[in-house]
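The values are calculated or read from the model by the stated rules, or taken from the named source; none is laboratory data. Model, not experiment: these values are computed from the prediction. All Cβ positions, glycine included, derive from the backbone under ideal geometry; neighbour counts span all protein chains shown.
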Amino acid sequence: MFQDAEYDFSKGFCVKGEDTAVFLEHALAELGLNRREANEFIVYRLPLMQDNPYNIISFQSDIYTDAAKLDIAPEPDTMIRVFMAWHSADEAVEIEEQELTSPERVGFTVVEWGGAEVVK
C-alpha cells in the first residue's frame, strides 16, 4: 500500500501558502493535467494548504507509480499519474527545484491524481 511508502523531498518546491493556488495551476499543467482535472485537484487540496506560512511540495512520480501499480484493460495509450506529497513549514526552506514533465496525450488516456499530507 502506498501509504507506507517513503516520500522523497530531496527535490520539490517551497511555496508560500498564499501563492499555492497559482503554483498548483502552473505545476499541474506542466504535469499534463487539463484545466478541468487541475481544477478538481486544486479544489480538493488547496483548502488544506492555503493558510500555511509555507508548503513544501514534491511530486512523487516513480516512487508512486512503482508502489501503486495499475492494471487497466484495455491498456491506455497514455497514462498520466500525479501524486503530490507535501507538508507545511513555518519558514521558507531551500530545496532543489524539481523538473516537471508529462507525456503527450495520445489516444485513450488515463489520468489519476492524488496526494498526501506528511505530518512532520
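Checked against (1) out of contact with any Phe, Trp or Tyr (no Cβ under 9 Å at 6 or more places or on another chain); (2) assigned to a helix (DSSP H, G or I), Ile63 passes all but condition (1). For segment 82-101, a tally of residues being more than 16 Å from Val15 (Cα to Cα) and either surrounded by 15 or more Cβ atoms within 10 Å (Cβ to Cβ) or among the aliphatic types (A, V, I, L, M) (or both) returns 2. For the subset of segment 44-60 comprising residues that are farther than 14 Å from Thr101 by Cα and of a type in the set (Ser, Thr, Tyr), which member is nearest to the chain's Cα centre (by Cα)? Here the residue is Tyr44.
Note on segment 27-43: residues that are over 16 Å from Ser102 (Cβ atoms) and without any contact (Cβ under 8 Å) to a residue 60 or more places away in the chain total 3. Which of the residues that make up segment 8-51 are closer than 26 Å to Glu104 by Cα, touching a strand residue (DSSP E or B) at 6+ places or on another chain (Cβ under 8 Å) and hydroxyl-bearing (Ser, Thr, Tyr)? Thr20 - this is the single residue of segment 8-51 that is closer than 26 Å to Glu104 by Cα, touching a strand residue (DSSP E or B) at 6+ places or on another chain (Cβ under 8 Å) and hydroxyl-bearing (Ser, Thr, Tyr). Residues that are modelled with pLDDT of 95 or more and either surrounded by fewer than 11 Cβ atoms within 10 Å (Cβ to Cβ) or among the small types (Gly, Ala, Ser) (or both) within segment 107-120 comprise just one, Gly107. Consider Glu37 carefully, then state whether it is over 25 Å from Lys120 (Cα atoms), surrounded by 14 or more Cβ atoms within 10 Å (Cβ to Cβ) and over 11 Å from the mean Cα position of the chain (by Cα). Spelling it out, Glu37 is indeed over 25 Å from Lys120 (Cα atoms), surrounded by 14 or more Cβ atoms within 10 Å (Cβ to Cβ) and over 11 Å from the mean Cα position of the chain (by Cα).
The lone criterion from (1) closer than 21 Å to Glu6 by Cβ; (2) surrounded by fewer than 12 Cβ atoms within 10 Å (Cβ to Cβ); (3) not hydrophobic (A, V, I, L, M, F, W, C) left unmet by Asn55 is number (2).
Among the residues of segment 100-120, what is the count of those that are touching a residue at least 60 places away in the same chain (Cβ under 8 Å), of a type in the set (D, E, K, R) and assigned to a loop (DSSP other than H, G, I, E, B)?
1
With respect to Pro47, is the statement that it is surrounded by fewer than 16 Cβ atoms within 10 Å (Cβ to Cβ) and not in a helix (DSSP H, G or I) true? Judged against the criteria, Pro47 is not a match.
Within segment 104-116, the set of residues being touching a strand residue (DSSP E or B) at 6+ places or on another chain (Cβ under 6 Å) and not aliphatic (A, V, I, L, M) comprises Arg105, Thr109, Glu112, Trp113, Gly114, Gly115. Whenever a residue of segment 76-87 is on the phi > 0 side of the Ramachandran plot and among the acidic types (Asp, Glu), it has no partner that is part of a strand (DSSP E or B) and surrounded by fewer than 18 Cβ atoms within 10 Å (Cβ to Cβ) lying with C-beta atoms less than 7 angstrom away and at least six residues away or across chains.
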